[in-house]
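Got a structure for you, written out below as C-alpha cells; questions coming shortly.
The values are calculated or read from the model by the stated rules, or taken from the named source; none is laboratory data. It should be emphasised that the depicted structure is a prediction, and the values quoted were computed from it without experimental measurement. Ideal geometry is used to build each Cβ from the backbone, glycine not excepted, and the neighbour counts take in all protein chains shown.
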Amino acid sequence: MTSDEQDGRARGEAGRLPPRWFIRTAWVVHRAIYRVTGGRLGLRPPSRTVYGMMRLHTVGRRTGEPRVAILAYLEDGPNLVTLAMNGWGDPPPAWWLNLRARPHASVDLPGGSRRVVAHEATGSERERLWALYRALEDGGSLDAHAALRSRETPVVVLAPTEEVS
C-alpha cells in the first residue's frame, strides 16, 4: 500500500465525522442547556476515561467584547488542557485566536471559576498532553481526525493565575 493510499484510508476513517451543520447545532444546544438550567447542566469534571467540559471566557481580539465558549478539557496538575479545534474543521476556533491576542482569561468549572493564562504546548510537552487525550475513551481516532486539518492542532494549556490584563 502506498503512503497516499494509507493517507486516504486514515482520512476515510476520520471522514465519519458528523456533518458541519450537526456539529454547529450541537454547540448551540449545549450552550442553551447551560443557559436554561442556570449552569446546573452543561459542565462536568474530567475522569480518567472522559474529558470534562468547561466554559472559557475570552475577550474578542477585534471587538474587545466578552466571548464565551464551552470546551472539552483535561487536568494536568493545576493546569487545564484543551485542543484548539473547530469541530475538526480547518480554520482555528475564534476562542483560540482571541487567546493568542490576549492570553489572560477565566474559566467556569463544575466547582467554581478561576483565572488563567494560556500558552500553546510545544515539543515534548505537546506530545505528552496529546497522548493524554489519545488515552481517553474516544481518543482512538484523535490522530485520524487531526489528519483532516491542514495544520497541526494546537494543544492549549490554561495555567492558573491571579493576574488579569
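Quick check: is even one residue across the range 59-74 surrounded by fewer than 15 Cβ atoms within 10 Å (Cβ to Cβ), among the small types (Gly, Ala, Ser) and more than 22 Å from ARG35 (Cβ to Cβ)?
So far as the range 59-74 goes, yes, one or more of its residues are surrounded by fewer than 15 Cβ atoms within 10 Å (Cβ to Cβ), among the small types (Gly, Ala, Ser) and more than 22 Å from ARG35 (Cβ to Cβ).
Only one of these is at pLDDT below 85 and either farther than 23 Å from GLU152 by Cβ or within 17 Å of the chain's Cα centre (by Cα) (or both): PRO78, PRO93, PRO19. Name it. Talk me through it step by step, then tell me what you get.
Numbers: PRO78 fails: at pLDDT below 85; PRO93 fails: at pLDDT below 85.
Among PRO78, PRO93, PRO19, only PRO19 is at pLDDT below 85 and either farther than 23 Å from GLU152 by Cβ or within 17 Å of the chain's Cα centre (by Cα) (or both).
Any residue in the range 21-37 that is basic (Lys, Arg) and loosely packed, with under 11 Cβ neighbours inside 10 Å sitting within a Cβ distance under 9 Å of a residue that is in a helix (DSSP H, G or I) and at pLDDT 70 or above? List the pairs, counting only those 6 or more apart or interchain.
Short answer, once both residue conditions are applied: none.
Check whether at least one residue in the range 106-114 is surrounded by fewer than 14 Cβ atoms within 10 Å (Cβ to Cβ), at pLDDT below 95 and among the polar types (S, T, N, Q), and report yes or no.
Yes, because at least one residue in the range 106-114 is surrounded by fewer than 14 Cβ atoms within 10 Å (Cβ to Cβ), at pLDDT below 95 and among the polar types (S, T, N, Q).
Kindly indicate the residue of the range 139-159 that is exposed (fewer than 13 other Cβ atoms within 10 Å of the Cβ) and either of a type outside the set (Lys, Arg) or in a helix (DSSP H, G or I) (or both) and also modelled with the lowest pLDDT among those meeting that condition. So that I can check it myself, show each step before the final result.
Pass one, the range 139-159, residues exposed (fewer than 13 other Cβ atoms within 10 Å of the Cβ): 140, 150-152.
If we keep only those that are either of a type outside the set (Lys, Arg) or in a helix (DSSP H, G or I) (or both) as well, we get 140, 150, 152.
Details: GLY140: 69, SER150: 88, GLU152: 92.
Looking at the filtered set, the residue picked out is GLY140.
Sticking with this one: Given the conditions (1) surrounded by 19 or more Cβ atoms within 10 Å (Cβ to Cβ); (2) assigned to a strand (DSSP E or B), report the number of the one that LEU99 does not fulfil.
Exception for LEU99: condition (2).
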